[in-house]
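Coordinate-derived values only; no laboratory data. Just so you know, these numbers come straight off a predicted model, no measurement behind them. With ideal geometry, Cβ positions are generated from the backbone for all residues, glycine too; neighbour counts draw on all protein chains shown.
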Amino acid sequence: MDKMHWTAPVAKREAAWRLYVEHELKPRVQFYETKRHLNKASALKRALAIHRHQGWRLRVLFAEGTSGERIEAAEINDWCERAPSDE
């Protein structure tokens, strides 16, 4: 007896945001993080973690969305400074 199995296609969710960071190695290394973020809030939350953990020796240069939207380092740093300490 042949059984037909139907499976619905799995929708791939394209991540919308990624962070471009600099590591304080000698010479400095700049790269996109491999983890992509589904939204701007998630990218900013990751930027906040980097901002608060100076021991990682990372600095966010900008965040970039797939639609071409971009947040520069100065705006990210301002946002991180204003973020509540419990986030």
What does a probe at VAL29 reach in region 60-87, counting residues whose amide N is under 17 Å from the point 7 Å along Cα→Cβ? 60-61
DSSP-assigned coil residues among trypsin sites (Lys or Arg not before Pro) in region 40-81, each with at most 14 further Cβ atoms within 10 Å: ARG57
Relative packing of 24-31, 74-81, which averages over residues the other C-beta atoms within 10 Å, highest first: 74-81, 24-31
